[in-house]
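Reviewing the structure listed below.
No value in this document is a laboratory result; all are computed from the given coordinates. Quick caveat: nothing in here was measured; it's all calculated off a predicted structure. Cβ: placed from backbone, ideal geometry, glycine included. Neighbour counts: every protein chain shown.
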Amino acid sequence: MNWRSTTTFLSKRIGILWLLLLLFSFNSIQAQNCTVNAGLDQQICENEILLLDGNDPLPRIGDPLWSQISGPAVIIDSPNTEDTTVSGYTGGNTYVFQYSAVCGDGIESSQTVTVTVEPITPAQAGMDLASCPDSSGSLIITGNTPLNPGETGSWQFASGNPAGVTINFPNSETTTIDLDPNSCGTTTLEWVITGPIFGVNQRCVSRDPIDITNYGGIEPVTAGPDQALSNCFTTTQSTSLSGSFGGCNLGGQVGTWSFVSGPATPSIGDVNSASTGISGLIEGTYTFRWTVNGPCASGSDEVQIVVPPATQDVTSVSGQSITVCDPNVSVVTLIGTQPEFTNEGVTWAQTGGSTVGIVITEPSNPTTQITGLSPAGGPYAFSYSLLNSATGCDSMGSFTINFAASANTISANGGNDIIGACLQQSFDVPVTTTGDGSPSYRILSGPSGATAGPFPTIWFGAGSTTTIVDLDVPGTYVIDFLNSNGGSLQTYCTDGSDTINIVTSGNVPGSNAGTGLNLACGTTSTTLSGNLIGDGFTSVWSQVSGPNAATIGSPYGQNTLVSGLIPGSYVFQYLVQGGPTCPDAVSDVTINVSSGTLTAAASGVDQSICYNSPAFLSGNAPGPGEFGTWAFVSGPDTITFSDVNDPNAVATGFTTQLATYQLSWTIDYINPGPSGCSSPSTATINVFTSDVPSPTIATASATNTCLPQGSFLVDLTGSVPSAGTGTWTVSPAAGVTFSPNVNDPLADATVPSDGVYTFTWTISDPSCGISFDSVDVAVSSTVSVDAGPDQLGLCANSVNMAATLSSGSTGTWSYISGPGGFSFSNINSPTSNVSFINPGTYVFEWLGEAGDCASDSDQVTIEIGIPPTTATVGADQQICNLNNVVLSGNAFDPNTEIGNWTILPGAPNSPTIADSTDPNLNVTALVSGIYTFRWTITPINNPLCPPTFADVTVEVWAPATSASTLVFCDTTNITLTGTEGSTGTWALTAGSTGAETITQTPANSYIASATIVPGNSYTFTYTTDAYTFTTGPGNCPGTSSTVDVDVDLQPSVLPVAGRDQEICIGDTTIATLAGTTDSGNS
C-alpha cells in the first residue's frame, strides 16, 4: 500500500539513490591523513631526462615509492625518493608510473602520472675533418638520415667560426664546405635533426658535433708595404706590421716575424701573428722578415720601416658636446686640452652655425669664451687645433654647442600598459617625444629567469617604434623610458620619463591538486599539496564548496595548511596561471571531515498500533558528515521502510496480532576517517500490535498536482476514515481555505497565489492512533527563468545577480565553472550578491523549480577582476640642503600585485633609484628642483582592473657644491660650475689682483665664466640663494662651497737636456744630467 502520495514516494526514491551515489563517490576516496601528488603528466623527447617529481606526503610511515604501472620495462633509478630519474625508456611509447606512500595513519595513498616519450633519430655527424684552405668542393661532410616521419636535418654552427667555414648546402645530409685561407682554427659544426611539432609548439631535437680544423695560410707570402713613420715622437716610435696570413700553428702551419737589421733591437708584439705591433724604434732604417712554413703555404718576404729623426711627441686633444636648455644663455666657456710640449700652440675656429655676433674671446688660449650665442643661430661647431710650430705635428678636437628645449617629454604606448597575446615574447612599443633629447629605455624589473635579464638592464636606445625582445618568462615587466639631452655638459635641461608595464603569458603545463583525503575523525586541519610550478607561473588555492568557509593558510603556495574544518565534505581548487591571455589549468581535491563523536541515535518512543497499521517513525537527525539507517531487528514479520535513511520513515508489514516488533535507528559516518572515529550509535524502538484491525489508512491525493499559473482551486481527495476523524492541514497555511471544511475528505482548497503547497490528510483513531499522508501541489506548472545578462569586464569585489523567476517557483544558484573563492549572500535569491576572492571568468546556473512539476535553468557568465590595493603615499616633502629623499608608499600583496615608483615628466634630472618596488624607497643624486614621484600598484593576472596610483611632490634645494681644485696653464678664462639646478652667486674670495671678472648669465646662474691672470692662485666661492619652498611651508638657507684655482705661467726657459755624453764603464758608472730650470715652475 502507498502510504504517501506518488510525488512524495518518488522524491524519497530519488533521495535514496542520491545518498547511495554520494556514499559510493565519497568512499572511493581512501581514508588517509596525507595527500599524494605525482606531478603532471609529461610529454618529453626520447633524448631528454625523464624526471618523476612527487611531493613529500606528510605525515607518512617509511619512504614513498615509485613503481611502473604500464609501458615497456624501464629502470626507476631512485624509487624510494620523492624525485627520481628513469632510465631505459624509448621513443614512441607511453609509460604510467604510480607514486605511493603509507600515510601516518597506516593507510596507503597513491596517484599515477603518465609520460609520453616522443621519438627522435639520434644525430650522427661523422668524423672530424682537418685541412688546408679549400674551396674546390672536395671537402665533404655527411650526416645520417632522419628516420621518423616529419623529421628534418640541417647543418648549424655550434658557436663561433674561427676556421672560416662556409656550409654550401646546410639543409642537405651531405654537403661540401669551403675553408677561408685567411682563417685558422677549429669550428664546431652540428648535424641537427628536428622532429615535428607536438604539444604546444614543442619539437624534439638531436645534435651531434663535428670539429672542422683549418690550418690557414696564403700564397704568395707578403710582408706588407714599406713604411715611413712620422717624426712626432720624443724618444721611440711604434707601428704595426701586416703580413699575409700564415696560419696559427695548427698542423705545423705558422708564420714568424724576425728582426733582420736596424739601428736597435725593437720589441715585436706577437712574432706569429701576421698583424702585430712593434715598438722601441729609434731613428734609422729597419728590415723585418715574415717567414711562413707549413703544408698549406710557404715562403718569406721582407718589409722596411724608415724612422726619421725624433722631434717631440704631440699632445692628443679631445672635444666636447655641450647642451644648453636656457635660451637666455649667450656665453659659454670652452675648455680645450692643455698643451704638454714645447712650441705647441692652439687655435679655436668656428666650423658650424651662424657666425653673426659670435666672438671667440681667446682664439689662441686653451680656455676661451664664446659670446653672442643664441638658439636661432645654433647648433654651433668649433674646432680646437693644436700645432707644434717647430715640428709641424698637430692634433684636433671638435666642440659643439646645441640649444635644446628646456623640457623633454616621452610617452610610451600613450602611457598605457601592454598585455601581450598568449606566448608573445617580442613587443613593438610606440614612443613619442618632444624636445631635443635622445630617447632610451631599460627594463627595470621582471620575472626571474627571463632572457632579457638580469634586471635592471642597461639603457638602450629607443625609437619611434621600440622593439623589446626576450620577455620569455610569463609575468610583469616594468619598462622605464627616458628622454634626455646628450652631451657631456647640460645646462638647465630637464628630462622626460615614462614607465609602462608589459604583461606576458605562457602556457600552463597543467594542475594537480593531489589525492583526496578522508581525515581522521576529529581532525580540523590538513595540508593541501599541488604540483610544482615554474618561473613566472602563479598558483592559488581556493575553496569551491564545503559546510563552512575554511581558512587557507598560504593560498599562493604550492603546499598550504587548511584549518577551521568542520564535519562535511570540502572541495578545494588548485589554479595555476601563466598570465592573463593563456588558458589557466585547474584541478580539484575533495577533503572529507568527520567529527570525533557521532550524534547519539534516538529512535523515538515505543508505539502501540493496530495490526496492519503503519508505524510513523521519528528518529533524530544525523549531524553533518553522518547518515542514519533504519533496520528491522526482530518480530514475526519482515518490516519494510519507505526510506531506510529517512529519520521520519514509515514502517509497514505489522501483520501479526498482539505481537512485538523491534526496529533500530543507527547513525554512522558517511566518510569515516582512518582513526579517532566513534562506533556507530544505535537506538531501538518497540512496536506493539493489538488485536484490533487497522482502520482506514490515511492517503492524500489531488486531482491535479501540477496546476497552471493563476489556478487557485485545488481538488483534494483523502481516504474516508472508517473510524475516527480526518483533518486537512497545509503548509504554507496563510490565506488557504477549505470548502466545505477541513474535515471533508473531498474538500476543495483555495490558495491565495502561485507556489508549492503541501497538503496533509491526518486520520485520528482513538483505538489505533493517527496516520497521515501528504501531497504536494504546484501552482505554476510552467517555470521560466532567466539568469540575467552576462556581466563582463568587471572590476569589483562583488556583483549583484539580475535573474528572473516565474511566479510560484523557487530558484537556486549553483556553481558551474571558474576559480573558487566565491560566496552567495542568498543562494535562493535572484538578485543575490556574490562576493569574490579571485579574478577570473565564472559560470553560474540559476535553476527554477515548481515542486516536481516543472523546472527551467539558465546560465550566466561573470567576468570579474579584483581591484588592487589602493595606492597611497606620504605627504609632500621639502628637502633642504640634502641630495636624497625617502619616499613612503603603502604595502602591496606581492602574490597578486606589483608596486613600483616612477618619476613623472618635468623632473630636473634623473636621480638614482635603487629598487623601484620598495615602498620606502631612498632616492639619491637629487638636484635642486621639483620632482613628482608616482607610486603605482598594478594587479597581476588581473587585466580587467587598472592600476591604482598616488603622487607625491618633492621639492629640493640642494646644498652648494663645486669642484675642489682646478689647475690651468697660462689661461685667462675658466668656467665655474656650482650645484646643478640651483641659483646663487659666485665670488672671488681669495687671490684677487683686481683684474679678475665673474660673469653669470643669467645673473644667478650656477654656471659662471671668470677671467683670471696667469701665474696666480685663487679661491672662488659659490653660495646658493636662500630659498622659499613653493610646494609647502618653509625656507631653506643658502650654503657655500669653494674651489681652489691654480693658473701656472708658461716656462720662461726652454727645456734643454744638455749635451750628449759618452762614458766608459771601466772609468765610471755615473752620468750627470744638466737640464735647464725655470725659477717659477718645476
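Can you give me the relative contact order of the chain as a percent, contacts being Cα pairs under 8 Å and 6 or more apart?
Value for the chain: 7 percent.
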Calculated SAXS-style log₁₀ I(q)/I(0) at q = 0.16, 0.19, 0.23 Å⁻¹ - segment 785-864, Debye, Cα scatterers:
-0.53, -0.73, -1.02
Please state, as a whole number in µm²/s, the translational diffusion coefficient that the Stokes-Einstein equation yields for segment 771-906 at 25 °C and 0.890 mPa s, with Rh defined as the Kirkwood radius across alpha carbon pairs.
130
Jot down the per residue volume, in cubic angstrom and as a whole number, of the convex hull over the alpha-carbon atoms of segment 314-372.
87
Would you mind computing, in nm to one decimal, how far apart the modelled labels at Asn828 and Met396 are, each placed 7 Å from Cα along Cα→Cβ?
9.7
Taking segment 700-779 and dividing mean pair separation by its residue count, relative contact order in percent (alpha carbons under 8 Å, at least six apart):
38
Hull volume in cubic angstrom per residue (convex hull over the Cα atoms of segment 894-1009):
143
Any chance you could get the radius of gyration and Dmax over the Cα atoms of segment 409-505, in Å?
13.7, 46
Segment 619-711: Rg to Rh, with Rh as the Kirkwood radius over Cα pairs:
1.13
List, in order, the whole-Hz ³J(HN,Hα) value for each residue of segment 88-104 obtained from phi through the Karplus relation with A = 6.51, B = -1.76, C = 1.60 and θ = phi - 60°; use x for Gly and Pro.
x, 7, 10, x, x, 10, 10, 10, 10, 10, 10, 10, 9, 7, 8, 5, x
Need one number: convex hull volume per residue for segment 129-214, Cα atoms only, in Å³.
83
Met801, Met127, Met396 arranged by Cβ crowding within 10 Å, fewest neighbours leading
Met127, Met396, Met801
Specify the angular offset, from 0 to 90 degrees and rounded to the nearest 10, of the alpha carbon long axis of helix 6-27 from the longest principal axis of the alpha carbons in the chain.
40
Helix-only [θ]222 nm of the chain, DSSP H runs n ≥ 4, -39500 (n - 2.57) each, per residue, nearest 500
-500 deg cm²/dmol
In debye, nearest 20, what is the charge dipole magnitude of the chain about its Cα centre with +1 on Lys and Arg Cβ and -1 on Asp and Glu Cβ, if you could check?
1340
Please arrange Tyr556, Tyr757 by counting, for each residue, the other beta carbons lying within 10 Å of its beta carbon, fewest first.
Tyr556, Tyr757
Cα centroid separation, segment 676-708 to segment 842-905 (Å)
56
So, in Å, what gap is there between the alpha-carbon centers of segment 948-1014 and segment 430-447?
31
Specify the inter-centroid distance of segment 342-420 and segment 113-154, based on alpha-carbon positions, in whole Å.
59
Give the relative contact order (percent, whole number) for segment 263-362; include only Cα pairs under 8 Å separated by 6+ residues.
17
Stokes-Einstein D in µm²/s, Kirkwood radius over Cα pairs - segment 446-570 at 20 °C with 1.002 mPa s viscosity:
113
Taking +1 at the Cβ of each Lys and Arg and -1 at the Cβ of each Asp and Glu, which of Gln43, Ile278, Asn501 sits farthest along the dipole of the chain towards its positive end, judged by Cα position relative to the Cα centre?
Asn501
Could you bin all the Cα-Cα distances of segment 700-779 into 5 Å bins starting at 0 and give me the percent of pairs in each, rounded to whole numbers?
3, 17, 29, 24, 14, 8, 4, 1, 0
Around Thr599: net Lys/Arg minus Asp/Glu count, Cβ-Cβ under 15 Å
-2
For segment 271-343, what is the largest minus smallest coordinate of the Cα atoms on each principal axis, given in angstrom and ordered from greatest to least?
73, 35, 13
With a Cα-only, solvent-free Debye model of segment 508-593, what are the log10 I(q)/I(0) values at q = 0.16, 0.18 Å⁻¹?
-0.57, -0.70
Please state, as a whole number in µm²/s, the translational diffusion coefficient that the Stokes-Einstein equation yields for the chain at 10 °C and 1.306 mPa s, with Rh defined as the Kirkwood radius across alpha carbon pairs.
40
Can you bin every Cα-Cα distance in segment 227-307 into 10 Å intervals starting at zero and give me the percent of pairs per bin, rounded to whole numbers?
19, 49, 23, 8, 1
Using +1 at the C-beta of Lys and Arg and -1 at the C-beta of Asp and Glu, which of Pro363, Val303, Val571 has the Cα lying farthest in the positive direction of the dipole of the chain?
Val571
Most exposed to least, judged by fewest other Cβ atoms within 10 Å, Ile827, Ile335 sort to Ile827, Ile335
